[in-house]
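Engineer: The structure follows.
The values are calculated or read from the model by the stated rules, or taken from the named source; none is laboratory data. Given the structure is predicted, the values throughout are model-derived calculations rather than measurements. Here the Cβ positions follow ideal geometry from the backbone for every residue, glycine too, while neighbour counts run over all protein chains shown. The accessibility values were calculated without ligands, DNA or RNA, using every heavy atom of the protein model including side chains. Shrake-Rupley method; radii C 1.70, N 1.55, O 1.52, S 1.80 Å.
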Amino acid sequence: MRWQGRSRKKHTGGRYRIHRKKKVYEMGRDPIPTHLSQVKRKKIRTRGGGQKVILLGGDIVNVTDPQTGKAQGTKIKTVLENSADPHFIRRNIITKGAILDTDIGKVRVTSRPGQDGVISGILTE
């Protein structure tokens, strides 16, 4: 698990005195990347008892054409670009801002698949 509390180091490199333990509400999760594969979703309990749908794998993107405003689902061929990490292209990992090659052209992802549970994007070509 990840800890998302305040750093124990000062900006000068010195250390703060620890006055309490780590708390459960400061705990985070390890990132689970969304791969280009058949659709796989996972539900996770969030703080307050709510649920979050995480997309582990997906091969369909909901594409909106900016000129017409119409939306349609289309199949993803491959990941062309990903500004989050250049190695994500080779591993076909989809994040927000990734450029995908689809049947109807290039699509830029506008949703956060690991948070929203769906891949949405806009047509760039």
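Engineer: Where only protein heavy atoms count, and the probe is 1.4 Å, what is the accessible area per residue for segment 31-123 in Å²?
Structural biologist: Accessible area per residue: 59 Å².
Engineer: Sticking with this one: Near the amide H of Thr110, under 5 Å away, which other amide H atoms are found, from residues 5 or more places off or on another chain, if H is placed in the peptide plane?
Structural biologist: Gly97, Ser120, Gly121, Ile122
Engineer: A follow-up question, please. Would you mind giving the three semi-axes, in whole Å and largest first, of the ellipsoid equivalent to segment 6-64 according to its Cα gyration tensor?
Structural biologist: Over the Cα atoms of segment 6-64, the ellipsoid semi-axes are 37, 17, 9 Å.
Engineer: Starting with the highest mean, order 87-93, 24-30 by the number of other Cβ atoms within 10 Å, averaged over the residues of each peptide.
Structural biologist: Result, highest mean first: 87-93, 24-30.
Engineer: What ranking, highest mean first, results for peptides 2-14, 112-124 when packing means the other Cβ atoms within 10 Å averaged over each residue?
Structural biologist: By packing density, highest mean first, the sequence is 112-124, 2-14.
Engineer: Take the Cβ-Cβ distance between Lys42 and Tyr16 as r, set R0 to 41 Å, and report the resulting FRET efficiency rounded to the nearest 0.05.
Structural biologist: Given R0 = 41 Å and the Cβ-Cβ separation, E is 0.70.
Engineer: Here are a few candidate values for log10 I(q)/I(0) by the Debye sum over Cα atoms at q = 0.10, 0.15, 0.17 Å⁻¹: (1) -0.48, -0.85, -0.95; (2) -0.27, -0.64, -0.84; (3) -0.44, -0.76, -0.87. Which one was actually calculated from the structure I just gave you?
Structural biologist: Only one listed value fits the structure, namely (3).
Engineer: Now, a different point. First compute the accessible area of the chain with a 1.4 Å probe, then give the percent of it belonging to carbon and sulfur atoms.
Structural biologist: Solvent-exposed carbon and sulfur of the chain make up 48 percent of the total.
Engineer: Using a 10 Å cut-off on Cβ atoms, rank the peptides 35-44, 55-64 from the highest mean neighbour count down.
Structural biologist: Going from most to least packed, we get 55-64, 35-44.
Engineer: Between Ser83 and Glu26, what is the label-point separation in nm under the 7 Å Cα-to-beta-carbon projection?
Structural biologist: Inter-label distance under the simple model: 3.3 nm.
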